[in-house]
Amino acid sequence: MIDGSFRAGFSLMRDPNINRLFIAYLVSYGGTAMAPIAMAFGVLELTGSTKDAAIVIAAPTLAAIVVLLFGGVLADRTSRQKTIYWSELLAMAAQACLAALFIFDLASVPLLTFFMLINGIALALHAPAATGLIILLVDKKDLQATNALLGSARNGAVAGGAAIGGILVAAVGAGWTLAIDAISFGLSAILVISLRPNLQIQPKAASVFEDLRLGWNEFTSHTWLWVIVAQFSLIVAAGQSVFGLIGPAVTRDYMGGATHWGFIASAFGVGTLVGGILAMRIKPKYPMRFATFCVFFFSGVSLAMALLLPVYVIAAAAFISGFSGQIFAVLWYTTLQMKIPGQMLSRVSAYDHLGSIVLAPLGIVAAGLSYESLGFQTTLLIAAAIVIVPTTIALCVRDVWTMTNE
């Protein structure tokens, strides 16, 4: 049985591996939370076009789609720790170049898009390796507590980083904000390479395409897994559209600009922090049923902004969305780590990430076009519907409703 107590969760901080990874999450995600705000407002200031901003913001996800599966194979086949280390250094280099483009007034949509593509490659290497690394650091009984603890670090950093990012963009501009993000990736890389994980079991020698085939077979053998990933292909597209583009655009055009959006994004981060702490204790009998119900709350920000409610109401909706989102995330990753064989975990995680983000670039670009042609209210209501409808359908699937972690 999973140990779900607060004491068990926080006692993990005495483990040097978890302690260093916790700090790495704080540093890296704190800087990363500033970057979307900097990029959105930087491009909007540069061109004034939500369509241009959509192209730049969608670029990393597009690159990740191309590279993710090979990132999962690489992580399973070599070293998850070193894969994360090199991905952090790659992201540092890309962010430093983006910062320089803004600082020295060299920014253009093609150049920004190119370096955002590099960021996407770094993401594609990092994400599958990170899911698989956790099982090399702690015992199975500590997985949920570890996921919750690291999620709290990540999302606490997002809360602070988003608030600081909004202030920094307003005060010193996008370039210097991105420079801080670049430094955070470098510090995180140092902490990650200092970890001492257990020996990673290597799969039997096979070709890259055979590895991908085996990963696909494992992925499709779990109905709850592929159904929820299909659900999230739509939900992530809607979420990235709102948080990456439409939210900043609405606050720019109708509210208080970067400072207001930083406050809203910070509230989301605080919600994920609180949700992560609570997730150390919850042990639902049917984890995917419980987690999927949480997804309905993801629509709150879109609905509140569509009605142009006061900023504190939108922030409250963002808090609830972050809270429920983090509970979903902890239950999701813990279930993956318990149900999927360890030597297959990064490959299956790659299919998870790929399926979840595959529609995101299209969603962001469509949102940019919709914002300029249909208006912000219609665009936000569509985004809310894209959350509510597939979530309802997922709950009708028997395996999602009845699956347990036993």
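For segment 85-135, a Kirkwood radius taken over Cα pairs fed into Stokes-Einstein (25 °C, viscosity 0.890 mPa s) yields D = 210 µm²/s. Across all Cα pairs in the chain, the calculated P(r) in 20 Å bins from zero up to the longest distance comes to 29, 62, 9 percent per bin.
The calculated FRET efficiency for the pair T404 and T259, based on their C-beta separation and a Förster distance of 60 Å, comes to about 0.85.
For segment 232-303, the C-alpha radius of gyration sits at 1.30 times the compact-globule guess of 2.2 N^0.38 Å, with N the residue count.
Projected onto planes of every orientation and averaged, the convex hull of the alpha-carbon atoms in segment 33-129 covers 5.8 nm². Of all segments of the chain bounded by trypsin sites (Lys or Arg not before Pro) found in a DSSP loop with no more than 13 other C-beta atoms within 10 Å, the longest spans 1-203. With only the Cα atoms considered, segment 218-342 has a convex hull volume of 107 Å³ per residue. For the chain, the number of Lys pairs separated by eight or more positions or lying on different chains, with C-alpha atoms closer than 29 Å, is 15. Relative to the longest principal axis of the Cα atoms of the chain, the long axis of helix 109-134 lies at roughly 20 degrees. Relative to the longest principal axis of the Cα atoms of the chain, helix 258-278 runs at roughly 20 degrees.
Each value in this text was obtained by applying a stated rule to the coordinates, not by laboratory testing. For clarity, every value in this text was computed on a predicted model and none was experimentally measured. All Cβ positions, even for glycine, are placed from backbone atoms using ideal geometry, and neighbour counts span all protein chains on display.
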